[in-house]
Amino acid sequence: MATPDIIPTDLTLDLGGDIAPEEFLAAVRSFFGYVSEITEAQKGDGAEITWTVRVREGSSLIGVEPDSFVPSSRLSMIYRQATHGLAAAGSGNFAKSGLSEKAVGHLKNLSDLALKHGNGNKINLWVKKKPIPISGAISIKVQEDWDTNYHDFGVIEGRLEAIQDASGSIKIGIKDILFPRAIKCVVPEKMIDQVLNSFRRRVEVEGRIHYRKNGTPISIEADAFTVLPEDDELPDANDVRGIMASI
């Protein structure tokens, strides 16, 4: 078991026991991804923070160290968020975790590894020389939170971002500025031509919407599909003034 005196940096991933090479690489990517997400969230108006990797030889300890010019106040915010976010995820309180969906996904990947090994590897995130366990329970709580909980009929509005052929139907992504990720949309065969001609346009999709437990829409089964005008296609102030004058 690792002890504080051998932890290489103030933000270090401890993978515990022996793991396969592909698991090691996947875990390191998830660790870097988590650090990147919480760093970006604390960016504010300050200069970009870059990290340098520090690995302790002969161990499964992978740390990141910030540039020397980074203000200590900003680093404290990052370390505090790294701790709080992991603790909140461990209790299933994702709404108050302060983490992006990508950050939660990275924690889930690390938790999946702990779950696979029955928590035998004792995976920890060390923050300021203090260990915080990454248990398999996090993965279970994330999956429960991400599972569809209810559905309703409604409308999704956003920009058409992705098109993918999917066995007789088309799956598209609608990016709504209110949500961090595109909302999956399944479109029937009869709407395919309209969808193909509307790539990167603003659209309105009506249908059955599936929501997560926290009310976030994750997908919609389209019944109607409408292309919306772009901003430069809408009437300007002079056009509106002319309409009002004629009434």
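The values are calculated or read from the model by the stated rules, or taken from the named source; none is laboratory data. The shown structure was predicted, so the numbers you read here are calculated from the model rather than taken from an experiment. For neighbour counting, all protein chains shown are included, and Cβ atoms are generated from backbone atoms with ideal geometry for every residue, glycine included.
For region 174-207, taking the residues that are over 11 Å from I156 (Cβ atoms) and in a strand (DSSP E or B), the one that is modelled with the highest pLDDT is identified as R202. Among the residues of region 66-95, which ones are within 27 Å of A20 (Cβ to Cβ) and touching a strand residue (DSSP E or B) at 6+ places or on another chain (Cβ under 8 Å)? Of everything in region 66-95, those that are within 27 Å of A20 (Cβ to Cβ) and touching a strand residue (DSSP E or B) at 6+ places or on another chain (Cβ under 8 Å) turn out to be A82, L86, G90. Here region 35-73 is the region considered, the condition is being in contact with a Gly (Cβ under 8 Å, 6 or more places away or on another chain) and surrounded by 17 or more Cβ atoms within 10 Å (Cβ to Cβ), and the residue that is modelled with the highest pLDDT is I38.
So that you can scan it fast, the table gives a plain yes or no per residue for (1) assigned by TED's automatic domain parsing to the domain that holds N197; (2) at pLDDT 60 or above; (3) of a type outside the set (A, V, I, L, M, F, W, C):
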| site | (1), (2), (3) |
| --- | --- |
| I209 | yes, yes, no |
| G215 | yes, yes, yes |
| I220 | yes, yes, no |
| A224 | yes, yes, no |
| V227 | yes, yes, no |
| N238 | no, yes, yes |
| G242 | no, no, yes |
| S246 | no, no, yes |
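Residue pairs whose Cβ atoms lie under 7 Å apart, sitting 6 or more positions apart in sequence or on different chains, and linking a residue in region 16-28 that is of a type in the set (G, A, S) and at pLDDT 90 or above to a partner that is in a helix (DSSP H, G or I) and surrounded by 11 or more Cβ atoms within 10 Å (Cβ to Cβ), are A26/N109; A27/L110; A27/L113. Scanning region 204-218 for residues that are closer than 22 Å to Q143 by Cα and hydrophobic (A, V, I, L, M, F, W, C), we see that the one that is surrounded by the fewest Cβ atoms within 10 Å (Cβ to Cβ) is I218. In a loop (DSSP other than H, G, I, E, B) and under 16 Å from D18 (Cβ atoms): is that true of G98 in this structure? Judged against the criteria, G98 is not a match. Residue count for region 27-67 under the criterion of being touching a helix residue (DSSP H, G or I) at 6+ places or on another chain (Cβ under 6 Å) and aromatic (F, W, Y): the result is 1.
Is it true that G63 is without any contact (Cβ under 8 Å) to a residue 12 or more places away in the chain and closer than 19 Å to I6 by Cα? Considered against the rule, which asks whether it is without any contact (Cβ under 8 Å) to a residue 12 or more places away in the chain and closer than 19 Å to I6 by Cα, G63 comes out as no. Among the residues in region 127-147, are any within 30 Å of R200 (Cα to Cα), surrounded by fewer than 17 Cβ atoms within 10 Å (Cβ to Cβ) and of a type in the set (V, I, T)? The answer is no; no qualifying residue exists. Looking for something in contact with an Asp or Glu (Cβ under 7 Å, 6 or more places away or on another chain), assigned by TED's automatic domain parsing to the domain that holds N109 and within 23 Å of G105 (Cα to Cα) - is there at least one such residue anywhere in region 53-74? For region 53-74, residues in contact with an Asp or Glu (Cβ under 7 Å, 6 or more places away or on another chain), assigned by TED's automatic domain parsing to the domain that holds N109 and within 23 Å of G105 (Cα to Cα): present. Being in a loop (DSSP other than H, G, I, E, B), within 20 Å of the chain's Cα centre (by Cα) and either surrounded by 17 or more Cβ atoms within 10 Å (Cβ to Cβ) or of a type outside the set (F, W, Y) (or both), is that true of even one residue in region 74-86? Checked region 74-86: no residue is in a loop (DSSP other than H, G, I, E, B), within 20 Å of the chain's Cα centre (by Cα) and either surrounded by 17 or more Cβ atoms within 10 Å (Cβ to Cβ) or of a type outside the set (F, W, Y) (or both). Determine if region 110-133 includes at least one residue that is of a type outside the set (D, E), out of contact with any strand residue (DSSP E or B) (no Cβ under 7 Å at 6 or more places or on another chain) and part of a strand (DSSP E or B). Yes, region 110-133 contains at least one residue that is of a type outside the set (D, E), out of contact with any strand residue (DSSP E or B) (no Cβ under 7 Å at 6 or more places or on another chain) and part of a strand (DSSP E or B).
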